[in-house]
Amino acid sequence: MTVRSKDVGLFEAAINVLKDFRAVWRVFTKTLYYLFRGKREKGEIARQMFHVGNESLFFMCITMAFIGAIITFQTGLQSKKLLPDFSLMGATYLKLLVRDLAASVGALPLATRVGAGIAAEIGSMVVTDQVDALRMCAADPIDYLVVPRFIACVIMGTVILVIGGFVAYGAGMLVAFVSFDVNPHTFNNLMYLNLGDLVLGFLKCLVYGAAIAIVSAQRGLATFGGSEGVGWATTEAVVGSCFAIIVLNLIISTVGYFLVPGVGPM
Amino acid sequence: MLPPLIRLENIHKAFDDAPVLRGVDVDVPESCIYALIGMGAVGKSVLLKIVAGLIAPEKGRVFIHDEDITEMGHLELAEVRKKIGMLFQNYALFDKNVYENIAFPLRRLFDLSEEEIQERVAERLARVALPGTEERIPQSMSGGQKKRIGVARATIAKPPIVLYDEPTAGLDPVTSQKIYDLVREEQRATGATVMVISSDVAGVLTIADRVGMLHDGKLVFDGTADEARKSTIPEVRQFVHGLTEGPL
Amino acid sequence: MSAAPAKTPFWLLLPAKIGAAILVMAKQVGGLSILAGKILRRLTPGQIDRHELFRNMNRMGVRSVPIIAATAAFTGGIMVIQAAPFVEQVQATSFVGWAATFTTIRELGPLLIGLIFNGRVGANNTAELGTMKVTDQIDALRALAIDPIAYLVVPRCLAMVSMMVLLCVIGDAIAIGGAMLTADMLLDVDPRVFWASAVERLEPWDFWVGLIKSGLFGIMIALTSCYYGLQTKGGAPGVGRSVNASVVAAAAGIFIMDYFSTFILD
């Protein structure tokens, strides 16, 4: 994009965001088209799934463990000042984790890891003309490069975010026990959780996985300017994916607030 | 005379407000080797990518077989590209072995059995004088070898149009001439329409039927190889004969 | 990195992988410490290139304001939406202001802005230094008797740390604004009530914690991105690899550091 070299005002920045959104949207619609009409390469999706999972699982487990620990600790500190009653801490934490945090907070490091990888890979293919070569070989880059990564990100992203959620829950339980003397039995309380939370959380995982793949692939395909351009594309992919995740979170959460409200069992 | 197979009309293209092409008209007749020459960074590669539909011109039209490709959506363009093979300047070979690289267009375009693919890849590799290299990784091969693999990939689907972007850049004179001969023999065998870009004028004139010279965003010369050698246009004279004195 | 030799029995694969990861981490921590030492030794005011410093501050700080502002505004809104069911259940509208500001200032602000800053500025910095490294520009500086650490690294690090802290202040303010607006629309909490609740319960220490954290994250991002940039090997693809590694390492570093600083700065 042209943003990189020029000083831009707020108005121009907004225009650029709209342009970027349009470009991402175009990649998304093309991806959907080729999802049903494209020519599948045997084993490519499995390879990409392994790639996504293998490169991010260890990193995500560590990150989510710390995130879980931070959240519980911080919540504990806050509630200590208000009403020092920790009996519902686990139930509240679990509901928040399922409804939002596991997906939305976990998606940010996931975007950092997976999004940067996708953009760097596709970007370096662009600057070495390989993407044009694909076009000349009757292989649309969206069909050949983006669709397998899209499917892999949606499936493996969800799997990893769910695993990360469990890790964060375990870490939270541990911190609650060590720092606030909350018995794991007390902590492990499904009282507040309902089906709506599960649906909402799961939907978020799927949407974030898709967003990471599409935004990063679009940034990768828009790469120009040699190896430095690849560096830029990587940066923009990480920031763009994180931004997309936050905007989508706002949308889904607002809709979710009105459609699946309420605390407590269904 | 047959109508031109590739026809460019008044092509304009600028990058970051710096005009590269400023109204280029080119006609490439069918079954002809058209050499596009010119100084570095004059927009030859851009023009070739415009013909392939990889870059959209800002102004002007591109006709292939009387179809205007500048108006097409990406699905129609993909259909047109199936008729075009292209060799890229920096090879643009994929991170696969030689066999998979050359077989790639076949796999995407046709539903062939593995035996047929093997047969055709082996025939191509023999044609480019690299038999038995199927299992090698292109990254480990020399520049000339990579170019020849690129030629094999560009021609395996027998496209009626083949575009070569600097097929000999960075190669020694002997290897260069071999590649030019290969381009010529290929064209004679298939009757394809060929566009070649080169800054190596002496070499490319040995095989070209027609020559166009791009200078300062315009086509300043269009004619046969002999006419190019005898041309009195100062830019063409200087470039074709490699003189230091002149307008370039 | 071929972590495990080919003959490792499969039950040793996981421990071997973990061990290799720990070795790599130890090496990186060591490298980061050495770089930090080198930077500290050159931190005398006379040695710093003013022009480089201001140029980097503008590039890294000023131009990040739009993305940080947008992210912060959305995050403030999301925070309230997520808390809304609980607030409604316990009728705790008078606590919303305090809870939102407390969370933003102490935790969410530094963490989120750190992640975005890492993706945008840190990655770009690695790409730039990495490109200079693989094109031998850093050796060229040495040949001209210019110390690359003093000329390139120190101004960048100073710019990153100071800009991170400033962006955090801006981001916090905007996030709180977003939270206030959402609370007003969604929960009918009057902005004045929101503000009063925040002013009444917040302590100066909360602000300091936020500032210290953002400073620490800034140091983390600065060191990591410079370290990976200077370590780049293997031409253009190497730049992509180090950008990727740098973003991921800094993100993990931010979470780990956040955990310990939350713990220590109670």
Please report, in debye to the nearest 20, how large the charge dipole of chain A is about its Cα centre when each Lys and Arg carries +1 at its beta carbon and each Asp and Glu carries -1 there. 380 debye
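How big is the charge dipole of the protein assembly as shown about its Cα centre, in debye rounded to the nearest 20, if each Lys and Arg gets +1 on its Cβ and each Asp and Glu gets -1 on its Cβ? Walk me through the numbers before you get to the answer.
On the way: 70 positive and 71 negative charges, 231 e Å.
The calculation lands at about 1120 debye.
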I need the shape label for region C:49-160. Rule: rounded when a/c is under 1.5, else prolate if a/b > b/c, else oblate, with a, b, c from the alpha carbon gyration tensor. prolate
With angles folded into 0 to 90 degrees, how steeply does helix C:123-134 sit against the dominant principal axis of chain C? Use alpha carbons for both and round to 10. 10 degrees
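Return one quarter of the surface area of the convex hull spanned by the alpha-carbon atoms of region B:187-236, equal to its mean projected area, in nm². Show your work: numbers first, answer last.
Details: hull surface 15.3 nm².
For the Cα atoms of region B:187-236, the hull's average projected area reads 3.8 nm².
On full extension of the chain, what length is gained from residue B:39 through residue B:109, given 0.36 nm per residue of separation minus the C-alpha to C-alpha distance? Could the numbers behind the result be given before it?
Details: separation 70, 0.36 × 70 = 25.20 nm, distance 3.60 nm.
In short, 21.6 nm is gained.
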In this structure, the FRET efficiency calculated for residue A:57 and residue A:247 from their beta-carbon separation, with R0 = 25 Å, to the nearest 0.05, is 0.40
Mind grabbing the base-10 log of I(q)/I(0) for region C:1-103 at q = 0.14, 0.16, 0.24 Å⁻¹? Debye formula, identical points on the C-alpha positions, no solvent, two decimal places. -0.88, -0.87, -1.21
Separation in nanometres of the label points that stand 7 Å from Cα toward Cβ, at residue A:177 and residue A:33: 5.5 nm
Could you compute how fast chain B diffuses translationally, taking Rh as the Kirkwood radius over C-alpha pairs and applying Stokes-Einstein at 20 °C with viscosity 1.002 mPa s? Give it in µm² per second. 115 µm²/s
What does the average come to when, for each residue of peptide A:99-109, you count the partner chain Cβ atoms lying within 10 Å of its Cβ? 3
In Å, what is the Rg of the alpha-carbon atoms in region B:1-141, and how long is Dmax? 17.8, 51
Using protein chains only (no ligands, no nucleic acids) and a 1.4 Å probe, work out which residues of region A:216-240 have their accessible area cut by at least 20 Å² relative to the chain alone. A:227, A:228, A:231, A:232, A:234, A:235, A:238, A:239
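About its Cα centre, how strong a charge dipole does region C:57-265 have in debye, to the nearest 20, once Lys and Arg get +1 and Asp and Glu get -1 at the Cβ? Each step should come with its number before you reach the end.
Working: 12 positive and 14 negative charges, 159 e Å.
Dipole about the Cα centre, nearest 20: 760 debye.
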Choose one of B:171, B:130, B:113: the residue whose Cα lies farthest towards the positive end of the charge dipole of region B:83-199 (beta-carbon charges +1 Lys, Arg; -1 Asp, Glu; about the Cα centre). B:171
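Seen from all sides and averaged, what is the projected area of the convex hull of the Cα atoms in the protein assembly as shown, in nm²? Mind dumping the intermediate values first?
On the way: hull surface 152.6 nm².
So the Cα hull casts an average projection of 38.1 nm².
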Spin-label point model (7 Å from Cα, Cβ direction): what's the residue B:216 to residue B:185 distance in nm? 4.2 nm
Measuring from the longest principal axis of the C-alpha atoms of chain C, the long axis of helix C:235-264 (C-alpha) lies at a number of degrees, nearest 10, equal to 40 degrees
When all C-alpha to C-alpha distances in region C:164-266 are sorted into bins of 5 Å, what percent of pairs does each bin hold, rounded to whole numbers? 2, 11, 15, 15, 14, 13, 11, 7, 5, 4, 2, 1
What ranking do C:73-79, A:225-231, C:50-56 get when scored by the average of other Cβ atoms within 10 Å per residue, highest first? C:73-79, A:225-231, C:50-56
Going toward the positive end of the dipole of region C:57-265, with +1 on Lys and Arg Cβ and -1 on Asp and Glu Cβ, which of C:175, C:229, C:217 do you reach last? C:229
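Report the FRET efficiency, 1/(1 + (r/R0)^6), for residue C:205 and residue C:17, where r is their Cβ-Cβ distance and R0 is 51 Å, rounded to 0.05. It would help to have the intermediate numbers written out before the result.
Details: r = 42 Å, r/R0 = 0.82.
Plugging the Cβ-Cβ distance into 1/(1 + (r/R0)^6) gives 0.75.
At a temperature of 37 °C and a viscosity of 0.692 mPa s, determine how fast region A:52-259 diffuses translationally according to Stokes-Einstein, using the Kirkwood radius over alpha-carbon pairs as Rh; express D in µm²/s, rounded to the nearest whole number. Mind showing how you got there, number by number?
Working: Rh = 18.2 Å.
My calculation gives 181 µm²/s for D.
How high is the relative contact order of region C:57-265, in percent, counting Cα pairs under 8 Å that sit 6 or more residues apart? Don't skip to the answer; put the middle values down first.
Working: 282 pairs, mean separation 79.0, N = 209.
Relative contact order here is 38 percent.
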Return the distance in nm (one decimal) between the two label points of a simple spin-label model at residue B:199 and residue C:265, each offset 7 Å from Cα along Cα→Cβ. 5.6 nm
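Where Rh is the Kirkwood radius over the Cα pairs of region C:57-265, the temperature 37 °C and the viscosity 0.692 mPa s, what D in µm²/s does Stokes-Einstein return? Intermediate results must be reported in sequence, preceding the final value.
Numbers: Rh = 18.2 Å.
Translational D for this selection: 180 µm²/s.
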So what is the accessible area of region A:123-165 per residue, in Å², with the probe set to 1.4 Å? 22 Å²
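Given R₀ = 56 Å, what would the calculated FRET efficiency be for residue A:195 paired with residue B:136, taking r from the Cβ atoms and rounding to 0.05?
Values: r = 57 Å, r/R0 = 1.01.
Approximately 0.50, to the nearest 0.05.
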The protein assembly as shown, accessible surface, carbon-and-sulfur percent (1.4 angstrom probe): 64 percent
Among A:199, A:52, A:90, whose Cα projects farthest towards the positive end of the dipole of chain A, with charges put on the beta-carbon of Lys, Arg (+1) and Asp, Glu (-1)? A:199
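How shielded is C:78-88 by partner chains, expressed as the average number of their Cβ atoms within 10 Å of its Cβ atoms?
Numbers: counts 10, 2, 2, 9, 10, 1, 3, 12, 6, 0, 3.
Partner-chain Cβ atoms within 10 Å, mean over residues of C:78-88: 5.
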Run lengths n ≥ 4 of DSSP H only: what is the helix-derived mean residue ellipticity at 222 nm for chain C, with -39500 (n - 2.57) per run over all residues, to the nearest 500? -26500 deg cm²/dmol
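Helix-only estimate, please: 222 nm mean residue ellipticity of chain B, summing -39500 (n - 2.57) across DSSP H runs of length 4 or more and dividing by its residues, to the nearest 500.
After summing the helix terms and dividing by the residues of chain B, the value is -11000 deg cm²/dmol.
How much mean residue ellipticity at 222 nm does chain A get from its helices, if each DSSP H run of length 4 or more adds -39500 (n - 2.57) and you divide by all residues, to the nearest 500 deg cm²/dmol? Intermediate values should be presented prior to the final figure.
Working: 10 runs with 202 residues, N = 266.
Helix-only estimate at 222 nm: -26000 deg cm²/dmol.
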Ellipsoid semi-axes in whole angstrom, largest first, where each is sqrt(5λ) of the Cα gyration tensor of region B:78-192: 20, 17, 13
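On alpha-carbon atoms, Rg over Rh for region B:22-80 using Kirkwood Rh? It would help to have the intermediate numbers written out before the result.
Working: Rg = 12.1 Å, Rh = 12.6 Å.
Rg/Rh: 0.95.
For C:205, A:232, C:11, C:98, what's the largest-to-smallest order of accessible area, 1.4 Å probe?
Values: C:205 100, A:232 55, C:11 165, C:98 5 Å².
Solvent-accessible surface, decreasing: C:11, C:205, A:232, C:98.
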Reach of residue A:19 by Cα under 23 Å, taken over lysines that are not fewer than 8 positions away in the same chain: A:6, A:30, B:13, B:59
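The values are calculated or read from the model by the stated rules, or taken from the named source; none is laboratory data. Keep in mind that this is a model prediction, so the values were computed, not measured. Cβ sites come from the backbone with ideal geometry, for glycine too, and all protein chains shown count toward neighbours. We work out accessible area using only protein heavy atoms, side chains counted, and drop any ligands, DNA or RNA first. Shrake-Rupley method; radii C 1.70, N 1.55, O 1.52, S 1.80 Å.
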